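Read the figures in this text as sums done on the coordinates, not as results from a lab. Keep in mind that what you see is a predicted model, and the values were worked out from it rather than measured. Glycine gets a Cβ as well: all are built from the backbone with ideal geometry, and neighbour counts include every protein chain shown.
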Amino acid sequence: GAVVSQHPSWVICKSGTSVKIECRSLDFQATTMFWYRQFPKQSLMLMATSNEGSKATYEQGVEKDKFLINHASLTLSTLTVTSAHPEDSSFYICSASPSGTNYGYTFGSGTRLTVV
Amino acid sequence: ELKVEQNPLFLSMQEGKNYTIYCNYSTTSDRLYWYRQDPGKSLESLFVLLSNGAVKQEGRLMASLDTKARLSTLHITAAVHDLSATYFCAVTSGTYKYIFGTGTRLKVLA
């Protein structure tokens, strides 16, 4: 149980375009999901907390207008990178957990974004 | 601000040897997690440690938690090549936000 699906696995886009990444909880409902960013050979940095039915909470230094998060249902959160630039190239990972468990969060498979 | 540090950052070891990875955190924590990450992949959950003195073992890996010292260890016994990966600890404190450690890149040499 507790499977999180992330799509796409990788994407290449041109500078100035927008890219949407989906994160789905397949066998449970998630009122909260998290979005992380990981640069090569570095740790994961929390970008934002996605809250179902309300605005996301962004970490300090993360541009909310650039990284749009929508959590319209209990099983889906999306991250849209708007007007992407090469410096946005990174590995993006989402996570979620069934509420009331001690299992910790399950992570999606990640999305490798390359902006050219 | 909760900070999580791991050491060493890099570890190259021979097959069959034992070694320990350390994870220190700066403030009181609810839970501590260990994850494995293979190159280009996402995170695989290894252990969840919930209380002081907790010890969990899976195969050649054993994790422990000392909440008073704010320290967790991941011990590798008789390392094999398949254990080569990056290992992260992560901590939560009062919320469900994870704060990740710096990661330890392990390379097991045949």
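Could you list, in sequence order, all residues of the range A:31-54 that are touching a Lys or Arg at 6+ places or on another chain (Cβ under 9 Å) and surrounded by 13 or more Cβ atoms within 10 Å (Cβ to Cβ)?
A:34, A:44, A:45, A:46, A:47, A:48, A:49
Could you please let me know if residue B:49 is crowded, with 16+ Cβ neighbours inside 10 Å and farther than 24 Å from residue A:94 by Cα?
no
So which residues in the range B:13-51 are more than 16 Å from the chain's Cα centre (by Cα) and among the polar types (S, T, N, Q)?
B:14, B:27, B:28 - these are the residues of the range B:13-51 that are more than 16 Å from the chain's Cα centre (by Cα) and among the polar types (S, T, N, Q).
Show the residue pairs meeting these rules: Cβ distance below 6 Å; 6+ apart or different chains; first residue within the range B:1-28 and of a type in the set (D, E, K, R); second residue outside any loop (DSSP other than H, G, I, E, B).
Between residues of the range B:1-28 that are of a type in the set (D, E, K, R) and residues that are outside any loop (DSSP other than H, G, I, E, B), the close pairs are B:5/B:24; B:15/B:108.
Counting only residues that are facing another protein chain (nearest Cβ under 10 Å), give me the strands (runs of 3 or more DSSP E) lying completely in the range A:13-60 with at least 3 of them.
A:32-38, A:44-51
Of all residues in the range B:13-33, which are assigned to a strand (DSSP E or B), farther than 30 Å from residue A:11 by Cβ and not basic (Lys, Arg)?
If we filter the range B:13-33 for residues that are assigned to a strand (DSSP E or B), which is where we start, we get B:13-14, B:19-25, B:31-33.
Narrowing the set further to residues that are farther than 30 Å from residue A:11 by Cβ leaves B:13-14, B:19-25, B:31-32.
Listed by number, the residues that qualify are B:13, B:14, B:19, B:20, B:21, B:22, B:23, B:24, B:25, B:32.
What residue, among those in the range B:77-110 that are more than 17 Å from residue B:34 (Cβ to Cβ) and of a type in the set (Lys, Arg), is nearest to the other protein chains (Cβ to nearest Cβ)?
B:97
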